[in-house]
1. Given the pairs 34/128; 83/115; 138/202, which span a C-alpha to C-alpha distance of over 26 angstrom in this model?
2. For residue 93, list long-range residues whose amide hydrogen, built 1.01 Å from N in the peptide plane, is under 5 Å from its own amide hydrogen.
3. Viscosity 1.567 mPa s, temperature 4 °C: give me the Stokes-Einstein translational D for region 14-153 in µm²/s, with Rh taken as the Kirkwood radius over C-alpha pairs.
4. Want the number for residue 208 to residue 31: 0.36 nm per residue separation, take away the alpha-carbon distance, what's left?
5. Please list the radius of gyration and Dmax for region 47-110, considering alpha-carbon atoms only, with Å as the unit.
6. Identify, among 110, 96, 136, the residue whose Cα sits farthest towards the positive end of the charge dipole of region 14-153, taking +1 on the Cβ of Lys and Arg and -1 on the Cβ of Asp and Glu, with the dipole about the Cα centre.
7. If you take every residue apart from residue 74 with its C-beta less than 15 Å away from the C-beta of residue 74, what net charge results, scoring Lys and Arg +1 and Asp and Glu -1?
Amino acid sequence: MPAIKLKQPLFKMITIALVDKHPVMRIGLIALLKDNFNDILILESSCMSSFLKTKAQTDVTILGISPDSDAGNLRFLNKLKDKDAFGPIIVYDEEPRPYLAVSFLRSGVMGYLSKQNDESELIDCISKVLNGNRYVCKEILGTNRDVSAFEKTTRLKENRNLTFHEYEIAQYICQGINVSEIAQIFSRKTSTISTIKMRILKKLKVSNILELRNVMLVNEINTGT
């Protein structure tokens, strides 16, 4: 596939930060970015907190996440006081997860796509984010024309018995994340999340996490999430 060259302002060097705990993933992204940008400075880090300490200025940050790190990264972004510390952020997930995309967009990130997407879509995402636009990968954007429409549609696909916030929390509970960690993610009291958890179980008429997972799975199948 021929390299995709992006239009850049004359003499403008683009600085991109790659934050991913896997060195091999960063190496692959560096090669891809150098093939598609004429004038680029690439910075690397294994985690957001370490990169924040460098106080480096970036035009965009690509944050690689996985199921075992998404909660921690979302918690970090929700607590981040200086939202411009990393420049626009693109979340690069291991697999497409619509509900998680909405959670990250609400935390202030500008882009969300999956590592399963074609490399050309990552370049397209970076291009749009650099131009001040939000981006969600086509795989989960579906027939929606824009990101705002995607967010609205995703809310409509949630279990109709739950509010969107309850739905988000239910998803984390199903992942096995305990209430204290969920409380940190949303900057809420542990007791508040415990109350919401009990309300979720009552609304869905289930008594344990296994039953909750089954109900949520059936809901996703029925709504096509």
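Taken together, the values in this text are just the output of simple stated rules run on the coordinates, not laboratory data. Keep in mind that this is a model prediction, so the values were computed, not measured. All Cβ positions, even for glycine, are placed from backbone atoms using ideal geometry, and neighbour counts span all protein chains on display.
1. 138/202, as the Cα separations exceed 26 Å there.
2. Here the answer is 65, 113, 114, 115, since their amide H atoms fall under 5 Å of that of residue 93.
3. Answer, rounded: 86 µm²/s.
4. 59.0 nm
5. Rg then Dmax for region 47-110, in Å: 11.1, 32.
6. Result: 110, furthest along the dipole toward the positive end.
7. Residues close to residue 74 contribute a combined charge of 0.
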